[in-house]
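A short write-up of the structure that comes next.
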């Protein structure tokens, strides 16, 4: 039977690790790195499709964590603070890429312009996808917090299912003015959200 090794190494809390790192304890930073590496790597991997980019970004994040640790105010858990740095690092990688723009000529547009055509002519970038997911999450959270059941239903019918005001009014047994008013309030709440 092998000798039992006493477990005198208890898990160290984040605050203790921070103090040790700020006192230049390299082992403490390695512990912090091991503690949060999996979460950060998973977060970045879900947003970037190239393994080399993921690994490079994760390393940049931990360099930022190390260099900014002195500014951590402990108002939020350390994990949330680190994931905030990760979120900004991922967004920063997307911002480095230039997105196509349309020059403004000052002339009137033809009446038959298809505004979706430029979007259909190019593939969505990871930044487009990430930005879309962020917007959807914000809108869903705002809808859950601020819209009544009727407002949400009217918003979905009009903006997602492209139903006319008259159709919505008939379906929900409301006046067209009531539908318009609720849609206005719903849009205002979502934009504030």
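The values are calculated or read from the model by the stated rules, or taken from the named source; none is laboratory data. The model shown is predicted, which means the values in this text are computed figures rather than measured ones. For neighbour counting, all protein chains shown are included, and Cβ atoms are generated from backbone atoms with ideal geometry for every residue, glycine included.
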Residues (assigned to a loop (DSSP other than H, G, I, E, B) and surrounded by fewer than 16 Cβ atoms within 10 Å (Cβ to Cβ)) located in segment 71-94: 73, 74, 75, 76, 77
So is residue 44 more than 21 Å from the chain's Cα centre (by Cα) and either in the same structural domain as residue 133 (by TED's automatic domain parsing) or not in a loop (DSSP other than H, G, I, E, B) (or both) or not? no
Please determine whether any residue of segment 24-33 is in contact with a helix residue (DSSP H, G or I) (Cβ under 9 Å, 6 or more places away or on another chain) and surrounded by fewer than 13 Cβ atoms within 10 Å (Cβ to Cβ). yes
